[in-house]
1. Residue pairs, Cβ under 8 Å, 6 or more apart or interchain, first in the range 10-22 and hydrophobic (A, V, I, L, M, F, W, C), second open to solvent by less than 60 Å² (accessible area, probe 1.4 Å). List them.
2. Kindly provide the set of residues from the range 155-174 that are out of contact with any Leu (no Cβ under 9 Å at 6 or more places or on another chain), in a helix (DSSP H, G or I) and open to solvent by 80 Å² or more (accessible area, probe 1.4 Å), ordered by number.
3. Considering the range 67-102 alone, what residues qualify as being open to solvent by 10 Å² or more (accessible area, probe 1.4 Å), more than 16 Å from Leu27 (Cβ to Cβ) and not in a helix (DSSP H, G or I)?
4. Is there a residue being surrounded by fewer than 20 Cβ atoms within 10 Å (Cβ to Cβ) and part of a helix (DSSP H, G or I) anywhere in the range 127-144?
5. Can you tell me which condition Ala117 does not meet? The list is (1) modelled with pLDDT of 95 or more; (2) more than 30 Å from Gly72 (Cα to Cα); (3) open to solvent by 40 Å² or more (accessible area, probe 1.4 Å); (4) not aromatic (Phe, Trp, Tyr), and all the others hold.
Amino acid sequence: MDGVFVEQISYGSPVLKCVRDATDMFLDVHLMVENPRRQIGFFAEAGASLIDIHVESRCDVSDTLKEIRAYGIRSAVAVKPDTPIERAFEYLPLCDMVLVMTVEPGYGGQGFIPETADKITALRRYAAENGFEKLDIEVDGGINTLTSGIARAAGANVLVAGTALFGAEDMTAANRLLKGPE
């Protein structure tokens, strides 16, 4: 977060590098920044596994996705709640994932926007009908034990949960509940 694209500011690539040095886990970097192209190299070199950029950002989205992939890492586009999901369709050949924001980006603890479930369904349908069956669909915002089921039923297969996990008394149990029945 750069304080421009969204009001908040969060950590940068030096912190990611420290995290990478401590783990071999998959690191999904969601760039909520005005010009993500300026940041790609820093985060790729710091150890990102995947970089998400917003279709609403000020960059050539296709070129930026190509640059991400040139670093040998996965690429994704993110879509804000008020942005039509169709804006993401043209970029699917360059994406491993689409992130559907289910709250306005920038602040934790917000409630899931119910209308975003329709966007997830439309994206999953479009992906299936156009040869992108393996596309991951990630959701971020207001994900809890109730909304995780709504998001999964709509077609999401990657869930981002902050408050539901970090606010839980037992994070392991909360994580199990978010994943739903297996």
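The values are calculated or read from the model by the stated rules, or taken from the named source; none is laboratory data. Quantities reported herein were computed from a predicted structural model and do not represent experimental measurements. Please note: Cβ atoms are built from the backbone with ideal geometry, for glycine as well, and neighbour counts cover all protein chains shown. Note: areas computed on protein heavy atoms with side chains; ligands, DNA, RNA excluded. Shrake-Rupley method; radii C 1.70, N 1.55, O 1.52, S 1.80 Å.
1. Between residues of the range 10-22 that are hydrophobic (A, V, I, L, M, F, W, C) and residues that are open to solvent by less than 60 Å² (accessible area, probe 1.4 Å), the close pairs are Leu16/Leu27; Leu16/Val29; Leu16/Phe43; Leu16/Ala46; Leu16/Gly47; Leu16/Ala48; Val19/Leu27; Val19/Gly47.
2. Within the range 155-174, Thr163, Phe166, Thr172 qualify.
3. Lys80, Pro81, Asp82, Thr83, Pro84, Glu90, Tyr91, Cys95
4. For the range 127-144, residues surrounded by fewer than 20 Cβ atoms within 10 Å (Cβ to Cβ) and part of a helix (DSSP H, G or I): present.
5. Going through the list (1) modelled with pLDDT of 95 or more; (2) more than 30 Å from Gly72 (Cα to Cα); (3) open to solvent by 40 Å² or more (accessible area, probe 1.4 Å); (4) not aromatic (Phe, Trp, Tyr), Ala117 breaks only (3).
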